[in-house]
Amino acid sequence: SQGSGTAGRLQVLAHTLPDTLEAGESVSVTFTVRNDGWDAWRSTPLSGPSCDGAATAGKGCEQLAFGFSADPVLPTGWGALPKFPYGGRAKFPSPVFPSDTIDVQATVTAPTEPGTYYFQLDGVKELYSYFETRGNVPWQKEIVVR
């Protein structure tokens, strides 16, 4: 990577995530994201099992990570482990180069208990780090679950 401070920067430009979901409901959502960093993102290896040349399947591959929290969570910051429960993943359909914009499909499942939740989305370089630990500010949206 050319600069660790801008290696994992993404911006959500548009989305189809509804404001309200039924408890336990799964919906197909499109996120339009832009790579505002210096590194290309790949969800699948060019060759071999990983994106970084290691023997571990999927290691180093970038994806979108997302999840719900009942409480707002501030971004973790440089080098710290995220406190947010990123349970979901969505792969980029093709490599995303710096300044490229791409639509990413994700299946989002609402929590099973009704209430107000915070949905958060960030990038992840699998088995390395979430983008928020390298300076990105994750995207958040308040969702009502009925």
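Just a few scattered comments:
- Those strands (runs of 3 or more DSSP E) lying entirely in the stretch 30-144 with at least 1 residues under 13 Å from residue 8 (Cβ atoms) and among the small types (Gly, Ala, Ser): 62-69, 115-125
Condition check ((1) under 14 Å from the mean Cα position of the chain (by Cα); (2) under 20 Å from residue 144 (Cα atoms); (3) at pLDDT 95 or above; (4) among the charged types (D, E, K, R)) across all residues:
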{"site": "4", "(1), (2), (3), (4)": "no, no, no, no"}
{"site": "20", "(1), (2), (3), (4)": "no, yes, yes, no"}
{"site": "38", "(1), (2), (3), (4)": "no, no, no, no"}
{"site": "57", "(1), (2), (3), (4)": "no, no, no, no"}
{"site": "76", "(1), (2), (3), (4)": "no, no, no, no"}
{"site": "79", "(1), (2), (3), (4)": "no, no, no, no"}
{"site": "84", "(1), (2), (3), (4)": "yes, yes, no, no"}
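- Conditions (1) more than 15 Å from residue 93 (Cα to Cα); (2) surrounded by fewer than 14 Cβ atoms within 10 Å (Cβ to Cβ): number failed by residue 46: (1)
- Qualifying residue in the stretch 119-128 (condition: among the charged types (D, E, K, R), within 23 Å of residue 52 (Cα to Cα) and in contact with a Cys (Cβ under 8 Å, 6 or more places away or on another chain)): yes
- The listed residue being more than 18 Å from residue 29 (Cβ to Cβ), modelled with pLDDT of 85 or more and of a type outside the set (Ser, Thr, Tyr), out of 103, 71: 71
- Selection of the stretch 101-141 for residues being charged (D, E, K, R) and over 16 Å from the mean Cα position of the chain (by Cα) yields only 113.
- Within the stretch 134-146, residues that are touching a residue at least 12 places away in the same chain (Cβ under 8 Å) and basic (Lys, Arg) sit with their Cβ atoms under 7 Å from residues that are assigned to a strand (DSSP E or B) and surrounded by 13 or more Cβ atoms within 10 Å (Cβ to Cβ), at 6+ positions apart or across chains, in these pairs: 141/119.
- Here 96, 104, 124 are screened, and the one residue that is in contact (Cβ under 8 Å) with a residue 12 or more places away in the chain and either closer than 18 Å to residue 16 by Cβ or of a type in the set (Lys, Arg) (or both) is 104.
- Filtered by the rule that a residue be among the hydrophobic types (A, V, I, L, M, F, W, C) and surrounded by 15 or more Cβ atoms within 10 Å (Cβ to Cβ), the stretch 128-146 gives 131, 139, 143, 145.
- Candidate set: the stretch 49-64, residues that are polar (S, T, N, Q) and farther than 15 Å from residue 96 by Cβ; chosen: the one surrounded by the most Cβ atoms within 10 Å (Cβ to Cβ): 50
- Within the stretch 23-45, residues that are within 30 Å of residue 113 (Cα to Cα) sit with their Cβ atoms under 7 Å from residues that are assigned to a loop (DSSP other than H, G, I, E, B) and hydroxyl-bearing (Ser, Thr, Tyr), at 6+ positions apart or across chains, in these pairs: 23/112; 24/112; 29/16; 30/16.
The values are calculated or read from the model by the stated rules, or taken from the named source; none is laboratory data. Every value quoted in this text rests on a predicted model; they were computed, and no experiment measured them. Neighbour counts are summed over all protein chains in view; Cβ atoms, including those assigned to glycine, are modelled from backbone coordinates with ideal geometry.
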